[in-house]
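In what follows, a single structure is set out as structure tokens and then discussed.
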Amino acid sequence: MHKDVKEILFTDNQIIERCKELGAQISKDYKSKDKLVFIGLLKGSIPFLAELSKYIDLEVEFDYMDVSSYEGTESTGNVLVKKDLEGDIKGKNLLLIEDILDTGKTLYTVKAMLLEKGAASVTIVTMLNKQERREYPINAEYIGFEIPNVFVIGYGLDYDEKYRNLPYVGILKEEVYM
Ligand code: 5GP
Ligand code: MG
Ligand code: MG
């Protein structure tokens with residue numbers, strides 16, 4: 001275990017097993033839908049997206065977006081698009097893949113943007129969900145794991161751009177960010 005990790009919450013194997021379950025469920029639920037696009041939110045969703053997509057038995061395209069949220073006065077939240085999608089999403093059924101759903105600001109805003117651009121549907125798939133932190137009216141249709149209000153790293157999740165490569169999700173020691 002990395003020296004900055006206090007506790008491992010989900011191991012590589014647990015995440016893989018959960019991805020198999022989610023992949024089977026999504027494949028079943030979307031069997032009759034076409035024009036599917038997986039939208040990965042950079043950078044944190046990549047390891048989860050890569051694992052999950054192995055178990056998706058559907059014809060699907062991939063596209064990526066990078067956004068960052070900042071403080072503002074708008075009640076809808078302010079999200080800056082740093083890298084936009086490459087493809088046209090009009091009429092497409094999107095599965096928005098995220099590492100973690102926290103206050104909901106990012107996904108609430110991004111979902112609204114994608115619908116505004118003409119997506120037929122937007123479904124949220126998140127590896128982790130911190131339900132008690134929610135401030136925006138948004139929920140994920142598919143959730144890997146529920147977690148309490150702790151700061152986690154690994155499997156895509158960073159602190160100061162580090163730890164994304166850890167093969168597990170763990171709690172960061174407080175002394176690292178205090
Ligand atoms: P939201 O917009 O839902 O408040 O925040 C979502 C983003 O905040 C995530 O995509 C992630 O980048 C960051 N975030 C929220 N909680 C955590 C956490 O526990 N660990 C890490 N590394 N990032 C987090
Ligand atoms: Mg993120
Ligand atoms: Mg981050």
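Read-outs throughout are calculated quantities, based only on the coordinates presented, and are distinct from any laboratory measurement. Since the model is a prediction, treat every value here as computed from it, not as a measurement. Methodologically, a virtual Cβ is constructed for each residue, glycine included, from the backbone with ideal geometry; neighbour enumeration extends over all protein chains shown.
Below are the figures for this structure:
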{"quantity": "Members of segment 139-161 that are among the aliphatic types (A, V, I, L, M) and either under 13 Å from the mean Cα position of the chain (by Cα) or in a loop (DSSP other than H, G, I, E, B) (or both)", "calculated": "A140, I143, I147, V150, L157"}
{"quantity": "Among (1) in contact with a Gly (Cβ under 6 Å, 6 or more places away or on another chain); (2) in a strand (DSSP E or B); (3) not hydrophobic (A, V, I, L, M, F, W, C) - the single one E98 does not satisfy", "calculated": "(1)"}
{"quantity": "Residues that are away from ligand 3 (no atom under 15 Å from the Cβ) and aromatic (F, W, Y), drawn from segment 124-178", "calculated": "Y136, Y142, F145, Y168"}
{"quantity": "Identity of the residue in segment 162-176, outside any loop (DSSP other than H, G, I, E, B) and within 17 Å of the chain's Cα centre (by Cα), that ends up surrounded by the most Cβ atoms within 10 Å (Cβ to Cβ)", "calculated": "V169"}
{"quantity": "Test: residue in segment 107-118 that is among the charged types (D, E, K, R), surrounded by fewer than 21 Cβ atoms within 10 Å (Cβ to Cβ) and under 22 Å from G156 (Cβ atoms)", "calculated": "yes"}
{"quantity": "Strands (runs of 3 or more DSSP E) lying entirely in segment 10-83 (those with 1 or more residues that are more than 16 Å from ligand 1 (Cβ to nearest atom))", "calculated": "36-42, 60-70"}
